[in-house]
Amino acid sequence: MQEVWTLLTEHSLLNITLAHWLMAVIALFMTVAAQRISLSVFDRMAKQLASRTKTQLDDVLLAAAERPASMFILVIGLLLTVHLLHPPAEIFPLVSLADQAGRIIAIFIGIWFLWRLISGLSAYFTARARETDSSLDDQLVPFVAKTLRIFLVMTAVLVVAQNMGYSISGLLASLGIGGIAIAMAAKDTIANVFGSIMILVDRPFTVGDWVKTSEFEGVVEEIGFRSTRIRTFERTLVNVPNSSLANMVIDNIDARSQRRIKMRIGLTYDTTAAQMAEAIAGIEEILTKHPGVDQGYKLVKFDEFEDSSLSIFLYYFSSNKVWAEYLQVRQEINMQIMELLESMNLNFAFPTRTLHIEKE
């Protein structure tokens, strides 16, 4: 064996010893085998890891990394083969050329992985966007994906140019000045884009919600990429820029789970204390027995002696937030209270004034 190795080290081909040729061939063979094995192992491990989680984001990541990882193994193996071959630099500088080409190819592999990852995430979030009522995310996902791809290509060009020995400082300065000019010209559009993103992330409302601000009140009809359309109760249509809407204090009326009912009932001053106590108890019983009243919190209290009436304060919640159902509950409660007070011969008070004339 020692004699064979000595023979390989003493003889050469193209100024490269046979030993280096043999090690290079073995490294190349092992690289091809490792690439094939890694594809099989990677696929099996990806399926096992993805099956343990509920989210599909890990599936997207593993699918994007599979082929670039295989190509990266091949590039590393080829570089190792060239280094093992190690031809004389004075005859042919193969090692330096391979190192430079390897760096550039590795950059392209990284860009390829990120491109596949953006495509996978775009498809994933597009499918998720179809499940929502808003059309904003349907428009936003392709826009963000396209913007990331453009940024990725520009970055790849700059990095490759720098690795090839070109100076990119002047190009970066030009891009910076151009970016500032574009940003100044499109600042309103950019503000609306970021406003759309904030609305999409925070979700202060969705299509169909009744919203109220200091400037308008109505139902959200459409959440667009630049503005949001709101139909007011006067049937007019308000287009609000998303940049302004993102900075407003928004009261989402439909976000509540119940509707509050707050009112007062005034009885005349000829009502006795016993009648007042009986009326309060009767109203409490009406609220307790009605199926449309939420039993979590309610108040029936005799709270004030007003100018023309004895005031009973009612505070309770409708268990249904739908406007028509809420009004139906309120109407039924009011009717039952009227029937109760009529059965007790009690009268509702209204503003009155008694005038006494003194005789001389």
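The values are calculated or read from the model by the stated rules, or taken from the named source; none is laboratory data. Values in this document were obtained by computation on a predicted structure and should not be read as measured data. Every residue, glycine as well, gets a Cβ built from its backbone with ideal geometry; the counts of neighbours run over all protein chains shown. With ligands, DNA and RNA removed, areas are computed over all heavy atoms of the protein, side chains included. Shrake-Rupley method; radii C 1.70, N 1.55, O 1.52, S 1.80 Å.
In the set (1) of a type outside the set (Gly, Ala, Ser); (2) open to solvent by less than 50 Å² (accessible area, probe 1.4 Å); (3) farther than 30 Å from residue 307 by Cβ, residue 261 fails one condition alone, (3).
Residues in segment 324-346 that are over 17 Å from residue 263 (Cα atoms) and open to solvent by 80 Å² or more (accessible area, probe 1.4 Å): 325, 339, 342, 343, 345. Do the conditions hold for residue 253, that is, is it under 30 Å from the mean Cα position of the chain (by Cα), among the β-branched types (Val, Ile, Thr) and open to solvent by less than 80 Å² (accessible area, probe 1.4 Å)? So residue 253 passes the test. Residues that are in contact with a Ser or Thr (Cβ under 8 Å, 6 or more places away or on another chain), open to solvent by less than 30 Å² (accessible area, probe 1.4 Å) and more than 30 Å from residue 227 (Cα to Cα) occur at least once in segment 291-301. Figure legend. Inter-residue proximity from segment 140-153: first residues among the small types (Gly, Ala, Ser), second residues surrounded by fewer than 17 Cβ atoms within 10 Å (Cβ to Cβ) and assigned to a helix (DSSP H, G or I), beta-carbon distance below 8 Å, spacing 6+ or different chains. Indicated pairs: 145/119.
So, in segment 140-164, of the ones that are at pLDDT 75 or above and among the polar types (S, T, N, Q), which residue ends up nearest to residue 102 (Cα to Cα)? If we take residues in segment 140-164 being at pLDDT 75 or above and among the polar types (S, T, N, Q), then 155 is nearest to residue 102 (Cα to Cα). List, please: which pairs have Cβ atoms under 8 Å, are six or more places apart or on different chains, and start with a residue in segment 336-358 that is more than 23 Å from residue 281 (Cα to Cα) and touching a residue at least 24 places away in the same chain (Cβ under 8 Å) and end with one that is open to solvent by 100 Å² or more (accessible area, probe 1.4 Å) and not hydroxyl-bearing (Ser, Thr, Tyr)? Final answer for the pair search is 351/307. For the condition farther than 20 Å from residue 141 by Cβ, of a type in the set (A, V, I, L, M, F, W, C) and open to solvent by less than 20 Å² (accessible area, probe 1.4 Å), what is the one hit in 219, 211, 238? None of the other options fit; the residue is 211.
Look at residue 352 and say whether it is farther than 30 Å from residue 252 by Cα and surrounded by 12 or more Cβ atoms within 10 Å (Cβ to Cβ). Can you show your working first?
Working: farther than 30 Å from residue 252 by Cα: yes; surrounded by 12 or more Cβ atoms within 10 Å (Cβ to Cβ): no.
No.
Which of the residues belonging to segment 248-276 are without any contact (Cβ under 8 Å) to a residue 12 or more places away in the chain and of a type in the set (Gly, Ala, Ser)? Passing the criteria: 273, 274. Of the residues making up segment 285-326, those that are acidic (Asp, Glu) and within 22 Å of residue 210 (Cβ to Cβ) are 294, 325.
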